[in-house]
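Since every read-out is calculated from the coordinates, none of them should be taken as a lab result. Remember, it's a predicted structure, so these values are computed and weren't measured experimentally. Ideal geometry is used to build each Cβ from the backbone, glycine not excepted, and the neighbour counts take in all protein chains shown.
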Amino acid sequence: MQGKVLTPSAFTVESAVALYFAGKPRNRFGYGGVPTNRHEVSERLVLFGAAVVKVGAPTDPQVKKNGTDRSVSKIFGSSNSKPVKVYVKIYHDSPILLCTTEDLKEHELIDPYFIWIGPSGKNIKGESYAKITETGRLILKSFRKFMSGDYTCTVSYKNIEKKKEIFLDMKFSVYAYREPDYSFMFATRYHTKGCHEPANSQFFHKLNSVEKELIDDLACRISDIRMHCHVVRVPHKGLVTELFINFRVDPFANGWEALCKKLEHNCQDELNRRVENARNRVQAFFMKQSIVLAGMKNALPTFYYIDNSLQVSRVDHCRPGFGKNKITHSDCSECCVVCDHGMYSPTNDVNCLPCTSIRINFYGATAC
């Protein structure tokens, strides 16, 4: 494109794409110079104030630069009747659950004995997913949704002065969660001569084709594509005719299942990274058109992008068996938390639904 002058008749969606790609070497995040503004999710977030902990991936921001010393979250129990809520990202290890309170840890215990009871009501010592130390510390390994539920630790120790044995119970409510799957909704406008112009459909299909080409290598797809034509009264300009175009971008193009099989537990993070990259490319595509059109005010083509008309919104989806609940899980309100007993989610909606036809006494139900 260097050295070539664009005339109004030559300014098409193809030329916009050429301008977008001009001089932009590919890198693993797309093309150089594209604004990223990526949604960076902290892989380990600890909320101590409300006795709530959310734990994520091994890429912990608390890890020292040499990578050899990792600070691991330690969660104290509570001696009151209210369980301590803990949220663990699926397929990751839980924080260390301590069979002691913050007050008790400062005291000497004589002949202490610890026992952990899982959601099934059975002692979990010896279970492959439970790592229990001699001092009563518990780590739940590679957390799955079936492991969600109440974990109770009982510590017993002797009081020599009173010559009696003391028992103390501490309960943790542990929930599996996922980050939501992302899709992005786009709404934009283009100028046209009139609503009944045959060229409108041709332009719409060409624009759709170019947008798909922009993100094809990311295994993302464009769906829910709609175009409506309206006459708009614009202040100081009178009546103009505009094409209102809407579409969705999600990471579920053909082959995404095969990609997930290769990535296994990192599938969701990779899909979200790709669709965010796709969003950035689409945004940059429209930004380029604004820049070019700014120098063509006196000789605009038939179809041109209405400056600043692009609107982008993120839509969250939860996998079946997971949902958002800002009341029950207020400390992890943006998480897709495993559905509670009596609830289920059969689709990628964000809500777990009550099941009244049968009794569901497990977490993460996908059917009723």
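Across segment 192-328, the relative contact order, built from alpha-carbon pairs under 8 Å that are at least six residues apart, equals 23 percent. A simple packing score, the average count of other Cβ atoms within 10 Å per residue, orders the peptides 143-154, 350-361 as 143-154, 350-361, with the highest score first.
Summing Lys and Arg as +1 and Asp and Glu as -1 over all other residues whose Cβ lies under 9 Å from the Cβ of Asn246 gives a net charge of +1. Quick one: Cα centre-to-centre distance for segment 77-105 and segment 158-207, in angstrom? So the separation of the two Cα centres works out to 25 Å.
Can you check what the net charge comes to around Leu140, using other residues whose Cβ is under 11 Å from the Cβ of Leu140 (Lys, Arg +1; Asp, Glu -1)? Charge balance near Leu140 sits at +1.
The packing ranking, built from the mean of other Cβ atoms within 10 Å per residue, places the peptides 296-306, 178-188 in the order 178-188, 296-306, highest first. Note down the net charge around Thr366, summing +1 for each Lys or Arg and -1 for each Asp or Glu among other residues with Cβ under 12 Å from its Cβ. Here the charged neighbours net out to +1. Shown is the FRET efficiency for Phe244 and Asn298, computed with R0 = 22 Å from the Cβ-Cβ distance and rounded to the nearest 0.05: 0.30.
Of Lys82/Lys131; Lys141/Lys262; Lys85/Lys145; Lys171/Lys324; Lys89/Lys122; Lys122/Lys326, which sit over 19 Å apart, Cα to Cα? Flagged as over cut-off: Lys82/Lys131; Lys141/Lys262; Lys171/Lys324; Lys89/Lys122; Lys122/Lys326. Of interest is the spacing of the C-alpha centroids, which for segment 220-292 and segment 293-368 amounts to 16 Å.
The Cα-based radius of gyration of segment 242-332, divided by its Kirkwood radius, gives an Rg/Rh of 1.13.
Among rounded, prolate and oblate, which fits segment 79-225 when a ≥ b ≥ c are the square roots of the eigenvalues of its C-alpha gyration tensor, a/c under 1.5 means rounded, and a/b larger than b/c means prolate?
Because a/c hits 1.5 or more and a/b exceeds b/c, segment 79-225 counts as prolate.
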